[in-house]
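Colleague: This is the structure I have questions about; it appears just below.
We did not get these values from a lab; they are worked out from the coordinates using the rules stated. For clarity, every value in this text was computed on a predicted model and none was experimentally measured. A quick note on method: Cβ atoms are made from the backbone with ideal geometry, for glycine too, and the neighbour counts reach across all protein chains shown.
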Amino acid sequence: MATEVSRPTSRRAPRQQIGLIEWLRKNLFSTWYNVIITVVLLYIVAQTVISFVSWVVTAPGWPAAFTNIKLLLTWTYPVDQLWRPQAAMALVLLLLGLSSGLWGGIARMVAWGAAAISVVIGLAAFTFPDLPDQTSLPGWLFMFLCAVLLAGGDLLARRLGQKLRWPLIVAWLLSYPAVILILRGGLGLPVVETKLWGGLMLTLILAISGIVLSFPLGVLLALGRRSSLPVIRTFCVLYIELIRGVPLVTVLFMGALLLPLFLPGGESIDALVRATIAVTLFSAAYLAENVRGGLQAIPKGQVEAARALGLNVFQTTLLITLPQALRAVVPVLVGQFIALFKDTSLVVIIGLVDLLGAAQNIVGQPQWLGTPGGVWRETFLVIAAIYWVFSFTMSRISKRIEDQIARSRH
Amino acid sequence: MRKSVIVILTGLLSLVLAACGGQAQQAPTTAPAQPATTAPEQPTAAPAQPAPTAAPAATAAPAGGTTNQPAAGGQIERILARGTLICGVNNNPLPGFASVDSAGVYRGFDIDFCRAVAAALFDDPNKIDFRPLSAQERFTALQSGEIDVLIRNSTWTLGRDGNLGLDWAPTTFYDGQGMMVRKDSGIETLEDMDGATICVQTGTTTELNLADQFRARGLTFTPVVFQDGDSTRAAYDAGQCDGFTTDKSGLVSSLTLLSNPADHKILDVTMSKEPLGPAVRQGDPQWFDAVRWIVFATFQAEEYGITSQNLNEFLNSDVPEIRRFLGIEGDLAGGIGLPNDFAVRIIRHVGNYKEIYDRNLGPDTPFNLPRGLNALYTEGGLLYSPPFR
């Protein structure tokens, strides 16, 4: 909340104080034709909203999404191992809670949002069916536990303060391999092969892997494209233009179909790894162009001044140009990450079953054959809501970062 | 300067063309070459193989009386050593054929044939990795050896059998183009549809078959064509057409997506040939034979009336041909690399063809699809197993 206080309140324009009726008269009913347009549009909007709400209340297909919640979240992940996705999620949320307590700001915004969603889902989860042989926590209990972890982490970090800083950074760096280890197994845990993974879990893993791995690759490509060494520059230009010249579907097909034909050990390369590689390579090319835009926005004087001070090329890049460039392109990058998150649904065509694929399967289950109207509207609405929550979170984060940058300029 | 660029470009182009041409020429020659290259390996591989695989049931059988069998490929040994069968299935759920239930278990007609193959090999229908495959990647996955067998409602055609280097096991489901109409329309046969408007996907064999069938019957119709299956179905659902035509299994799955499935029915008429069956990669005759006879075993079991329920009574049977079929006497299955009791394993774990059909598509399911061509030859269908002797 400290950031809120530091905001210069005097910058805001004074708010125009007008009454509701005055506002309506001025904006909606100012002339006779505006009156007609307003009335007609109000009627259409009211009809749409009423029929939508009445459909939502009476739609018979909602059980399809809720009885299949396990498929949507984890697909065919073994039922007796479901505590592992739960543990992985709990780990990430605990780290998020700790970050919220330590850094506040964006981390706190995300943590509070996640906690609120956890409580809402926890309340809804009372209706979820219990699975046979379930050894993991029931859905409602786990979601409440998530909220407790988030709040508890926040409180704990506030008490411990800055000495938590480095351990937490290290923990975040290790969290990615740790989550993969928990989900995949090994080191004593039974192995759950990636071909059993799917649903929201797969979507998140693909998106996060793509974002995390493509970021350094994209930055390197952007720097390489501006390099003065012809070999590096040509390679980077070729790579970026080649990948940007083909659709993601093509890159996915290349990864899924051509890699196993070309490589001698092709059939042993994991399908999820192939998809991750394809998504990463694709995303890196676009990211490189975005970062290059940031690099070109930096005045030449910055580099010249750095050289005049005696910094070498690496120091200039790492300390002067790159930080400024990245800061300038944050909104663009977040936009790209949102697109990447949604693009992962394309992996359905190479046989991986992500959130969308799981939903398609639910629609095709024989037991919904008798449901009037089918269950696809309800199921896909649930999916849309899940996608929206994640995309909206990312876009809010982007907004906050933009605000911070705007403030830091003054 | 300009000239040299053109020379280089044409040089590159000819290289690319040569590479493509080389590949195209190679395709037919690689298939026959495979048995030839694997055959010399066999003598050295054969003595070494049984020891490391050590899968007792399956390797014991060939050792019995068929040591001189010219078995090539060794796919069965590879599967047994791996411990699971990799079965390529549909990634788009096809209700009744392949879908995943709410507990995450694969179910369906195609799935049960995967389970039958696994049961025959491992005596355990769950030793399977299901590999969901899209329509585009299914044949590549088989060619590259990613999967052992493809059971993904794939039509057996001359082009695919020949050009793709695949082999089709016997057809498990004779599909064909069907026609869906509204129940209250009073339409019972195609002849009732004179002058009807029909929703059909354009650019498909479905569209051509439709025209052929109506012309042959001297009927007129108005086609309403669409680019993809979803919009075709949606148009029919919205009442734009009297009928909607595609493959019968596709019609069945479309039923789930209509706004009121109970208002529609699928006519009995079948307008084209779509034989769907398991496919394997060419080049391993033994593995091909094994898959083939696993499918035949489900037919034969239905013919004898052996089900998973009454199997134990039949195991005490005195009828010679049933004793041979169940592997109680003789050593028939060794020649195809399967254990002698493979039919027993299939029936015990999965059931005969009728059980598989009824479980997924039969009267007790929402589909209630009549057997039609998918009945035994004794009942007017096309299912016919060569003798087990």
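Colleague: Find the centroid of the Cα atoms in the stretch A:334-358 and in the stretch A:372-410, then give the distance between the two in whole Å.
Modeller: With the stretch A:334-358 and the stretch A:372-410 each reduced to a Cα centre, they are spaced 15 Å.
Colleague: Pop a pseudo-label 7 angstrom from the Cα along the beta-carbon direction at both A:TYR33 and A:LEU258 and give the gap in nm to one decimal.
Modeller: If labels sit at A:TYR33 and A:LEU258, their model points lie 5.7 nm apart.
Colleague: Within the stretch B:308-353, list the GluC sites (Glu not before Pro) lying in a DSSP loop whose Cβ has at most 12 other Cβ atoms in a 10 Å radius.
Modeller: Taking the stretch B:308-353 and a limit of 12 other Cβ atoms within 10 Å, the loop GluC sites (Glu not before Pro) found are B:GLU329.
Colleague: A further question follows. Residues of B:89-102, mean number of Cβ from any other protein chain within 10 Å of their own Cβ, rounded to a whole number?
Modeller: Average neighbour count from other chains, rounded to a whole number: 6.
Colleague: What do you get for chymotrypsin sites (Phe, Trp or Tyr not before Pro) in the stretch B:247-325 restricted to DSSP loop and a cutoff of at most 13 other Cβ within 10 Å of the site's Cβ?
Modeller: none
Colleague: To continue, here is another question. Say each of B:GLU329 and A:LEU173 gets a label point 7 Å from the Cα, pointing the same way as Cα to Cβ; how far apart are those two points in nm?
Modeller: Each label point is offset 7 Å from its Cα along the Cβ direction, giving 7.5 nm.
Colleague: Excluding residues on the same chain fewer than 8 positions from B:LYS273, give the aspartates and glutamates whose Cα lies under 17 Å from its Cα.
Modeller: By straight Cα distance, B:LYS273 reaches B:ASP161, B:ASP175, B:GLU207, B:ASP212, B:ASP247.
Colleague: Exceeding 27 Å between C-alpha atoms, which entries from my cross-link table qualify? They are B:LYS248/B:LYS354; A:LYS342/B:LYS248; A:LYS70/A:LYS195; B:LYS183/B:LYS248.
Modeller: A:LYS342/B:LYS248, as the Cα separations exceed 27 Å there.
Colleague: Evaluate E = 1/(1 + (r/R0)^6) for B:VAL225 and A:ARG158, where r is the Cβ-Cβ distance and R0 equals 56 Å; express this FRET efficiency to the nearest 0.05.
Modeller: My answer for the efficiency is 0.30.
Colleague: Given the Cα-Cα distance of A:SER228 and A:PHE380 and 0.36 nm per residue of separation, how much length would full extension add, in nm?
Modeller: Gain on stretching A:SER228 to A:PHE380: 49.7 nm.
Colleague: Using the Kyte-Doolittle scale, find the helices of chain A whose mean hydropathy is at least -0.5 and whose Cα atoms extend 20 Å or more along the helix's long axis, counting only whole DSSP H runs.
Modeller: The qualifying helices are A:32-58, A:83-103, A:105-124, A:139-160, A:165-184, A:199-225, A:230-244, A:271-296, A:322-343, A:376-409.
Colleague: Using 1/(1 + (r/R0)^6) with R0 = 35 angstrom and r between the beta carbons of A:ALA59 and A:LEU24, what's the FRET efficiency to the nearest 0.05?
Modeller: That pair, A:ALA59 with A:LEU24, gives E of 0.55.
Colleague: Could you pull out which residues in the stretch B:338-381 have an amide N less than 14 Å from a spot 7 Å beyond the Cα of B:GLU321, following the Cα-Cβ vector?
Modeller: Within reach of a label on B:GLU321, which here means backbone N under 14 Å from a point 7 Å along Cα→Cβ, the stretch B:338-381 contributes B:377-378.
Colleague: Leaving out same-chain residues fewer than 8 places away, which lysines sit with a Cα under 17 Å from that of A:LYS399?
Modeller: Within the straight-line limit of under 17 Å, A:LYS399 reaches no lysines at all.
Colleague: Classify the protein assembly as shown from the C-alpha gyration tensor, please: rounded if a/c falls under 1.5, else prolate or oblate depending on whether a/b exceeds b/c.
Modeller: Since a/c reaches 1.5 and a/b is larger than b/c, the shape of the protein assembly as shown is classed as prolate.
Colleague: Sticking with this one: When a footprinting reagent is the concern and you count Cβ atoms within 10 Å, what order do B:ASP175, B:ASP263 take, fewest first?
Modeller: With the sparsest Cβ surroundings first, the list reads B:ASP263, B:ASP175.
Colleague: Measuring from label point to label point, each 7 Å out along Cα→Cβ, what is the A:THR135 to A:VAL49 span in nm?
Modeller: With each label point 7 Å from Cα toward Cβ, the separation is 5.1 nm.
Colleague: Taking the Cβ of B:ASP242 as the center, what net charge do the other residues with Cβ under 12 Å away carry, scoring Lys and Arg +1 and Asp and Glu -1?
Modeller: -2
Colleague: Take A:LYS70, A:LYS195, B:LYS183 and order them by how many other Cβ atoms sit within 10 Å, fewest up front.
Modeller: B:LYS183, A:LYS195, A:LYS70
Colleague: Taking beta carbons within 10 Å but only from partner chains, what does the mean come to for residues A:64-70?
Modeller: 2
Colleague: What does the average come to when, for each residue of peptide A:341-354, you count the partner chain Cβ atoms lying within 10 Å of its Cβ?
Modeller: Across A:341-354, the average partner-chain Cβ count within 10 Å equals 3.
Colleague: Need the C-alpha centroid separation for the stretch A:135-150 versus the stretch B:109-145, integer Å.
Modeller: 37 Å
Colleague: Okay, moving on. Measure out, as a whole number of angstrom, how far apart the alpha-carbon centroids of the stretch B:181-218 and the stretch B:272-342 sit.
Modeller: 40 Å
Colleague: Provide B:LEU369, A:LEU189 in ascending order of the number of other Cβ atoms located within 10 Å of each residue's Cβ, fewest first.
Modeller: A:LEU189, B:LEU369
Colleague: Oh, and also: Would you please calculate the Kirkwood hydrodynamic radius of the stretch A:33-140 over all C-alpha pairs and express it in Å, rounded to one decimal?
Modeller: This gives a value of 17.6 Å.
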